[in-house]
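Just below is one structure, and these are the notes that go with it.
The values are calculated or read from the model by the stated rules, or taken from the named source; none is laboratory data. The shown structure was predicted, so the numbers you read here are calculated from the model rather than taken from an experiment. Backbone-built Cβ (ideal geometry, glycine too); neighbour counts: all protein chains shown. The accessibility values were calculated without ligands, DNA or RNA, using every heavy atom of the protein model including side chains. Shrake-Rupley method; radii C 1.70, N 1.55, O 1.52, S 1.80 Å.
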Amino acid sequence: DAMVIQNPRYQVTQFGKPVTLSCSQTLNHNVMYWYQQKSSQAPKLLFHYYDKDFNNEADTPDNFQSRRPNTSFCFLDIRSPGLGDAAMYLCATSRDRQGDTQYFGPGTRLTVL
Amino acid sequence: DAKTTQPPSMDCAEGRAANLPCNHSTISGNEYVYWYRQIHSQGPQYIIHGLKNNETNEMASLIITEDRKSSTLILPHATLRDTAVYYCIVLPYGQNFVFGPGTRLSVLP
């Protein structure tokens, strides 16, 4: 089945130690998104790629960056994780333009020690 | 900011219909209504969406009022596995989803 895959499902890192979360998709969708979801809160969009074009949300901290080397893969890099970055990170895709139905992966839960 | 208002929580008896309301009084003509749900510790799952007409699929029905200022998601026969947070999202064409706090639906045995 076509799907959005996130690895790992659980990630533990140390305060200040860079960490990378990965997302892959078999849907061949043009748009890929990264959301942050803190405990008991709604998902919040960090940024998205429309093909190779990167679009950052205005309030996304500089500590968060992303790479999309090809259509299938997208990475979330946290350069210096703080305790406040502990959250569920969700990857999503949509077929074409923003405004299309988004399909989410299972998420990666990040713990910062 | 989310453009929708949903009750924070609802209960439903197993086997009964669950009717989840959503108010979107400032909706514009080209804005879709989307529903997602999120089961604990999983990613959001797409349920259904619509513009003006009522919609039905294998998961649910979406009833949109004629003035489009509110909608109702109907799960016809709720099961325990339908316990989740349900998000109603108004989506302008060409823009991104903004999730509000949603409705926490508890299906009770």
Residue span A:Y50 to A:L27: 0.36 nm per residue of separation minus Cα-Cα distance leaves a gain in nm of 6.8 nm
Given a 1.4 Å probe, show me the residues in the stretch B:83-106 buried by at least 50 Å² of accessible surface when comparing the whole protein assembly to the chain alone. B:Y93, B:N96, B:F97, B:F99
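Under 11 Å from the Cβ of A:Y35, count the other residues' Cβ atoms, weight Lys and Arg +1, Asp and Glu -1, and hand me the total. If you can, show how the numbers build up before the last one.
Numbers: positive: A:K38, A:K44; negative: A:E57.
Once positives and negatives cancel, what remains is +1.
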For chain B, modelled as a Gaussian network with Cα springs under 10 Å, which listed residue fluctuates most, B:S28, B:S61, B:S70? B:S28
Farthest toward the dipole's positive end in the protein assembly as shown, which of A:Q65, B:G15, B:L80, given Cβ charges of +1 (Lys, Arg) and -1 (Asp, Glu) about the Cα centre? A:Q65
Between A:F15, A:F73, A:F64, find the one with the highest GNM mean-square fluctuation for chain A; connect C-alpha pairs within less than 10 Å. A:F15
Debye, to nearest 20: dipole size of the stretch A:25-113, +1 on Lys, Arg Cβ, -1 on Asp, Glu Cβ: 200
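Taking every residue in A:52-63, how many Cβ atoms of other protein chains lie within 10 Å of its Cβ, on average? Walk me through the numbers on the way to the answer.
Numbers: counts 0, 0, 0, 1, 0, 1, 0, 0, 0, 0, 0, 0.
Per residue, the number of nearby Cβ atoms from other chains is 0 on average.
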Environment charge at A:T20 (Cβ cut-off 14 Å; Lys +1, Arg +1, Asp -1, Glu -1): +2
Among all the aspartates and glutamates, which ones have a C-alpha under 19 Å from A:K38's C-alpha, if same-chain residues fewer than 8 places away are not counted? A:E57, A:D59, A:D62, A:D77, A:D85, B:D1
Distance between modelled label sites at A:D62 and B:Y93, nm, 7 Å Cα→Cβ extension: 3.8
Spatially proximal lysines relative to B:K69 (Cα-Cα < 21 Å; intrachain offsets below 8 disregarded): B:K3, B:K52
Cysteines without a disulfide-compatible partner in chain B, using Cβ under 4.7 Å as the rule? B:C12
Report A:H48's accessible area, 1.4 Å probe, all protein chains in place, as a number in Å² to the nearest 10. 10
Residues from the stretch A:97-113 losing no less than 40 square angstrom of accessible surface in the full protein assembly compared with the chain alone, 1.4 angstrom probe, ligands and nucleic acids excluded, are A:R97, A:Q98, A:G99, A:T101, A:Q102, A:F104
